[in-house]
1. Please determine whether any residue of segment A:37-58 is β-branched (Val, Ile, Thr), farther than 15 Å from A:Ile96 by Cβ and surrounded by 16 or more Cβ atoms within 10 Å (Cβ to Cβ).
2. Has segment A:35-47 got any residue that is part of a loop (DSSP other than H, G, I, E, B) and within 14 Å of the chain's Cα centre (by Cα)?
3. Applying the selection to segment A:145-159, what residues are of a type outside the set (A, V, I, L, M, F, W, C) and either within 15 Å of A:Lys28 (Cβ to Cβ) or within 14 Å of chain B (Cβ to nearest Cβ) (or both)?
4. Within the set of pairs 6+ apart or on separate chains, which have a first residue in segment A:12-29 that is within 9 Å of chain B (Cβ to nearest Cβ), a second that is surrounded by 16 or more Cβ atoms within 10 Å (Cβ to Cβ) and part of a helix (DSSP H, G or I), and C-beta atoms under 6 Å apart?
5. Have a look at B:Tyr122, B:Tyr110, B:Tyr34, B:Tyr43 and point out the one that is out of contact with any strand residue (DSSP E or B) (no Cβ under 7 Å at 6 or more places or on another chain) and at pLDDT 85 or above.
6. Starting from residues that are under 22 Å from A:Glu122 (Cα atoms) and touching a Leu at 6+ places or on another chain (Cβ under 9 Å), keep the ones in segment B:11-28 and report whichever is surrounded by the most Cβ atoms within 10 Å (Cβ to Cβ).
7. Picking from A:Ile131, A:Ile141, A:Ile137, A:Ile96, which residue would you name as being assigned by TED's automatic domain parsing to the domain that holds A:Val82 and surrounded by 13 or more Cβ atoms within 10 Å (Cβ to Cβ)?
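The values are calculated or read from the model by the stated rules, or taken from the named source; none is laboratory data. This is a predicted model, so every value here is computed, not measured. Please note: Cβ atoms are built from the backbone with ideal geometry, for glycine as well, and neighbour counts cover all protein chains shown.
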Amino acid sequence: MNIKELVEKSKNKDKEAFSELFDLYYDKIINYVFKRTLNIDYAKDITSNTFLKVLENLHRFEWRNGENSFNSWIYKIATNEVNQYFRKQNKYKLSIDDENFKELGDFGEEVEKIEKRLENDEYLLVLNKAIKQLKPIYQDIMHLRYFEELTYSEISGILNKNETTVRVYSKRALEKLKDILKEDALFINQN
Amino acid sequence: MNNIEELFRKVNKEKILIEGHKTGLKNYLLNSEYFNEREVFDYKPVFASVFFSLIIISASFLFFNNDNEKEIALDNNQRALGVQSEYFNESMKMMSATSDTPIEESITLYDKLISKDNTEAYDSVFDEKEVKVLEVFENSIKTKYYFNKDKNILLKTEIINNNK
């Protein structure tokens, strides 16, 4: 089944279709959110809230931009949640009020492994730190374009900006990023 | 600029995976109300429309039924008398009022008739009782109304066609 079929069947409350759709997007979303927050606990909560909102709003979803519509839509929800997290920081809360689900919270070994990997991923740490100094819209574009490798067209759908604006913002964001990284040894070594 | 893009490429592409969270979230979503809610038939609009329809039907029934009765009564009166007489209708009402039904209107038929220019009034005796008589002239037709002494009960009507 293609994405369109899975989405349409999920809209009609088909559990199997939604399960497949979830499997296709869970990894993408949690990795996107994790790269933006670098916090495994919040990455889990933001991903959970994203999928909860997907389910709550699925009946309203429309294929406005062809096949990529769903991809843009789900990233849009995730991006909004991430930005909400940045605004609220420690006050950001998981919307799922279910004790059984909350009790699943501790995934010791897996989390430890991810944290260790993060410590060794100096490129991600440096870039993430530098990107955080950019304007919020530039931050969104950098992550969506260079980490998630989405097209400008998809990004324009996610951010509600036209494609040309996204291209211009992307160029400006890269220039700013270059300035921020100028004094960074990692970047100098690259020159 | 290319160097910065190069930096992005050097980021570890290996995906993070928290299998427990993935399974837990998926189960939670699949067991949520979204997939388990049954389509509940909403009776409210149906009841409302049925109730409204009943009101319309009863109102129409009452309206047409009432109208038919009036038409039939008027038609019969006209046939019987051969003239269109509003007084006759009124007198019919008054006749029915001779039973236990109280007279609803404060202005009686007697008052209405006597106020007309073409009416003459006098006292007489009918069925060995003192009565009030009103003679109403309409074209060549004279209608005599016999009322009781208190002028609130119509005892008899007489139609006299002078052409005959």
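1. Going residue by residue through segment A:37-58, those that are β-branched (Val, Ile, Thr) are A:37, A:40, A:46-47, A:50, A:54.
Filter once more, keeping what is farther than 15 Å from A:Ile96 by Cβ: A:37, A:40.
If we keep only those that are surrounded by 16 or more Cβ atoms within 10 Å (Cβ to Cβ) as well, we get A:37, A:40.
Checked against the condition, which is being β-branched (Val, Ile, Thr), farther than 15 Å from A:Ile96 by Cβ and surrounded by 16 or more Cβ atoms within 10 Å (Cβ to Cβ), segment A:37-58 yields at least one hit.
2. To start, the set of residues in segment A:35-47 that are part of a loop (DSSP other than H, G, I, E, B) comprises A:38-39.
Filter again for within 14 Å of the chain's Cα centre (by Cα), leaving A:38-39.
Taking every residue of segment A:35-47 in turn, at least one turns out to be part of a loop (DSSP other than H, G, I, E, B) and within 14 Å of the chain's Cα centre (by Cα).
3. At the first step, the residues of segment A:145-159 found to be of a type outside the set (A, V, I, L, M, F, W, C) are A:145-146, A:148-149, A:151-154, A:156-157.
Matches in segment A:145-159: A:Arg145, A:Tyr146, A:Glu148, A:Glu149, A:Thr151, A:Glu154.
4. Filtered contacts from segment A:12-29: A:Lys15/B:Leu30; A:Phe18/A:Ser10; A:Phe22/B:Lys26; A:Tyr26/B:Lys22.
5. Numbers: B:Tyr122 fails: out of contact with any strand residue (DSSP E or B) (no Cβ under 7 Å at 6 or more places or on another chain); B:Tyr110 fails: out of contact with any strand residue (DSSP E or B) (no Cβ under 7 Å at 6 or more places or on another chain); B:Tyr43 fails: at pLDDT 85 or above.
That would be B:Tyr34, the only listed residue that is out of contact with any strand residue (DSSP E or B) (no Cβ under 7 Å at 6 or more places or on another chain) and at pLDDT 85 or above.
6. Let us first name the residues in segment B:11-28 that are under 22 Å from A:Glu122 (Cα atoms), namely B:11-18.
Filter again for touching a Leu at 6+ places or on another chain (Cβ under 9 Å), leaving B:11-12, B:16.
Working: B:Val11: 18, B:Asn12: 13, B:Ile16: 20.
Applying the filter and picking the extreme gives B:Ile16.
7. Testing whether each residue is assigned by TED's automatic domain parsing to the domain that holds A:Val82 and surrounded by 13 or more Cβ atoms within 10 Å (Cβ to Cβ) leaves just A:Ile96.
Residues are listed down the side, and each one gets a yes or a no for (1) surrounded by fewer than 18 Cβ atoms within 10 Å (Cβ to Cβ); (2) over 30 Å from A:Lys182 (Cβ atoms); (3) at the interface with chain B (Cβ under 9 Å from one of its Cβ atoms); (4) aliphatic (A, V, I, L, M):
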{"position": "A:Lys35", "(1), (2), (3), (4)": "no, no, yes, no"}
{"position": "A:Gln89", "(1), (2), (3), (4)": "yes, no, no, no"}
{"position": "A:Asn120", "(1), (2), (3), (4)": "yes, no, yes, no"}
{"position": "A:Leu124", "(1), (2), (3), (4)": "no, no, yes, yes"}
